[in-house]
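The values are calculated or read from the model by the stated rules, or taken from the named source; none is laboratory data. None of the values given here were measured: they were computed from a predicted structure. Cβ placement follows ideal geometry from the backbone for every residue including glycine, while neighbour counts extend to all protein chains displayed.
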């Protein structure tokens, strides 16, 4: 395959999101045969099953971007020991209506940064439970629970660890891409 397209879902829509910065930084560590594109999720209406037969344009766009991707990268903060509502809303939209999920079979990577000492460990575990129900193989190791500290995004920061994580993720995508 000449290029692997990766849909990146950032679980924070905050302008100065640490997780958006992480998504940008980690994408720069990928080899040239990987193209990372952030998917907009902040404009999606709240999911309602009544709308399944007339999905909004933003929902159709989301589903098409996921469908066109070879893999998905979730970069998420932790809100109240789980994933943010905006991310869950996007996941629900792209899995519906029943039988028309665009997630199935897409290899997933999960990473995140938070000010808390355990980073995004609980959010990532909740997300793994969701992805399992969507038939998405999720990279298990190495896990990446990053704590936001001074220098995180500096040249040295945790670059070595992130580079190793990215190498494993790229192999994961290649392994699961048909």
Margin query: Residues to consider are 97, 107, 137; find the one that is modelled with pLDDT of 90 or more, in contact with a helix residue (DSSP H, G or I) (Cβ under 6 Å, 6 or more places away or on another chain) and surrounded by fewer than 16 Cβ atoms within 10 Å (Cβ to Cβ).
Written below: 97
Item checked: segment 17-46, residues that are buried (at least 18 other Cβ atoms within 10 Å of the Cβ) and more than 30 Å from residue 163 (Cβ to Cβ) -> 44
Checklist line | In segment 103-151, residue farthest from residue 176 (Cα to Cα) [restricted to those that are assigned to a loop (DSSP other than H, G, I, E, B) and free of Cβ contacts under 8 Å to residues at least 24 places away in the same chain] | finding: 150
Checklist line | Residue in segment 57-85 that is surrounded by the fewest Cβ atoms within 10 Å (Cβ to Cβ), counting only those that are within 15 Å of residue 100 (Cα to Cα) and free of Cβ contacts under 8 Å to residues at least 40 places away in the same chain | finding: 60
Next item on the list: Could you tell me whether segment 15-25 includes any residue that is at pLDDT below 95 and more than 20 Å from residue 158 (Cβ to Cβ)?
Entry: yes
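This table checks each residue for (1) over 20 Å from residue 27 (Cα atoms); (2) within 12 Å of the chain's Cα centre (by Cα).
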| site | (1), (2) |
| --- | --- |
| 64 | yes, no |
| 70 | no, no |
| 88 | yes, yes |
| 105 | yes, no |
| 115 | yes, no |
| 121 | yes, no |
| 125 | yes, no |
| 128 | yes, yes |
| 160 | no, no |
